[in-house]
Amino acid sequence: MSTGEALQTYVLETLNKDNVIENTKDLNNADGQPIEQLTLLGALNSLKSKDMVDFTFIDREVWFLTEEGEQVAAQGSHEARVFDLIPSGDEGMTIADVQAKLGEIAKVGQGKAFKNKWISKKGGNLVRLVDTIVDQTQSDLQQIQKQGGHSDAKLLTDLKKRKLADKQKLTSYRVTKGSEFALEIKKEATDITYEMLQTGEWKNASFKKYNFDAVGVPPTGGHLHPLMKVRQEFREIFFEMGFEEMPTNCFAESSFWNFDALFQPQQHPARDAHDTFFLKDPATTDRFPRDLMEKIRVTHETGGDTGSIGYNYTWKEEDAGKMLLRTHTTAVSSYMLYKLAEKTKAQGAFKPAKYFSIDRVFRNESVDATHLAEFHQIEGVIADKNLTLGDLIGFMDVFFKKMGMDKIRFKPTYNPYTEPSMEIFSYHEGLKKWVEIGNSGMFRPEMLQPLGLPSDVRVIAWGLGLERPTMVKYDISNIRDLLGHKVNIAMIKEYPVCRLDKKMGKELVGLSKDD
Ligand code: PHE
């Protein structure tokens, strides 16, 4: 029999004898030791689930001694120990000796013993004033130790103040017989088994009741980070609109795809180590298509046959080969458009494409409450014949409406790879102003033509951050609570799944990068 079952049997036998257990605190086990009330509760709950017993809670306050209180109860109060140490007679003992023997309790003990008129000073020594003393504190504490309390309430508060005693709440139980009271505990089945069905035993079996109050076991499996939950919502929007996800699972990228393929000149300030994290190992690569590289070189230097005059400088392969942590997911877009051009050539016909990605990018920026050196970009790209700026504006309208933002405006801006380029603004009802939410544009011919796309193919694209909507959704005001070593892991487990709703969209526009 397990201890739990033994305890249940013991409770049943006691009830059989006495009809009621007034207070389980008085129950002792076979060795005469008091029964641990928490263990007993398990036994009582189990019996109650079978209606064999009933019970109510009895709360009581119990006083106990602190570590120092225990010490005083065993060895006497500090003042009594000072008194005991000093021999009777006029000689007494030097203060230094008392100090040496009793250590840190000597000072407090002396003070109290003086106050109690047990000792005094004579010729520089401590001497006794009385022959015997009563150590009331010690006997008070011993009484509390024995009885868990004291009749003198003032004394108790005083001892608590002196940190010698404290009180705690303890629970015990009053137990009575239940409607199904019996001495024998029937085994209850928890599940129907194959054997029970085979033998027909299930018909007579008694089943354990479901305990709907039981606390469930928290699932131990993995949890999605809030950013990944919000990412999933954006993904759904893109999929709903017929987009294909781009493979962005590689953070390390060449300057070639991140900058050069995007017609970003090699002396552009963004290509500086102040803005970009360059890799040390491997520091360089030459793994990009040679023929494309030559076309890009010519376009940067003279504009080639794109109708542009280029940047009029000497393009260097070494700069294109520098490895970096991608500064935007547009690096992947440029690669995907190159792949699209190759596919078009292989198939002899162009098929429109819609791509998106939501992944991490890195910038060598100073970190504060709203900026990290890494963040996630949401990027969309549409390639089709004869797309116009009107298509981009129209598409933006639909896309942002799906996120609950219905007032959208555009402002011209500059990107090396798009022309025209537009910052996207949305009206914030709360702040009563237009705030920036993203960046967009039509990829320039200087970018598209070297990639090899047919000359009537236009590509519109846009990008926005993922952190902002996530912080709005989960009410996080400091980005460091969302990403990095200060993140509370419990938060990841507890945050609900994300649903993009109208309200969120409205608030989202209040958190533009430049606010
Ligand atoms: N790459 C831009 C950024 O990092 C966003 C963008 C993407 C702009 C595509 C225009 C077109 O901010």
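The values are calculated or read from the model by the stated rules, or taken from the named source; none is laboratory data. Everything numeric in this text was worked out from a predicted model, so none of it was measured. Reconstructed Cβ throughout: ideal geometry from the backbone, glycine too, with neighbour counts over all protein chains shown. The area values use the complete protein model at the heavy-atom level, side chains included, leaving out ligands, DNA and RNA. Shrake-Rupley method; radii C 1.70, N 1.55, O 1.52, S 1.80 Å.
For the set LYS50/LYS187; LYS101/LYS160; LYS385/LYS407; LYS112/LYS163, the pairs lying more than 18 angstrom apart at their alpha carbons are LYS101/LYS160; LYS385/LYS407.
For TYR313, neighbours were defined as the other residues whose beta-carbon sits under 15 Å from its Cβ, and their charges (Lys and Arg +1, Asp and Glu -1) total -3. Rg over Rh for region 65-121 works out to 0.98, both radii taken from alpha-carbon positions and Rh defined as the Kirkwood radius. Averaging the sequence gap over all C-alpha pairs within less than 8 Å and six or more residues apart, then dividing by the number of residues, gives the chain a relative contact order of 13 percent. What translational diffusion coefficient, to the nearest whole µm²/s, does region 305-375 have by Stokes-Einstein, given a Kirkwood radius computed over alpha-carbon pairs, a temperature of 25 °C and 0.890 mPa s viscosity? Translational diffusion coefficient: 155 µm²/s. Ordering 203-212, 330-339 by mean Cβ neighbour count within 10 Å, with the highest value first, yields 330-339, 203-212. Counting only protein heavy atoms and a 1.4 Å probe, the chain has 55 square angstrom of accessible area per residue. Quick one: plug the Kirkwood hydrodynamic radius of the chain (C-alpha pairs) into Stokes-Einstein at 4 °C, 1.567 mPa s, and report D in µm²/s. D = 41 µm²/s.
For region 141-300, the Kirkwood estimate of the hydrodynamic radius, built from every pair of different alpha carbons, is 27.0 Å.
Net charge dipole, the chain: roughly 860 debye, given to the nearest 20, about the Cα centre with Cβ charges of +1 for Lys and Arg and -1 for Asp and Glu. Just report the Cα centroid separation between region 219-297 and region 11-47, whole Å. Distance between centres, Cα-based: 68 Å. In sequence order, region 181-191 has phi-based couplings of 4, 7, 7, 9, 9, 6, 6, 10, 7, 9, 9 Hz under the Karplus curve 6.51 cos²θ - 1.76 cosθ + 1.60, θ = phi - 60°, and Gly or Pro positions carry x. Rg/Rh for region 234-330 (Cα atoms only, Rh after Kirkwood) is 1.04.
The calculated pair-distance distribution of region 1-115 uses every alpha carbon pair, bins of 10 angstrom beginning at 0, and gives 11, 29, 14, 10, 14, 15, 6, 0 percent.
If you roll a 1.4 angstrom probe over the protein chains with everything in place, what fraction of the accessible area of the chain belongs to carbon and sulfur, to the nearest %? Of all accessible area on the chain, carbon and sulfur atoms account for 51 percent.
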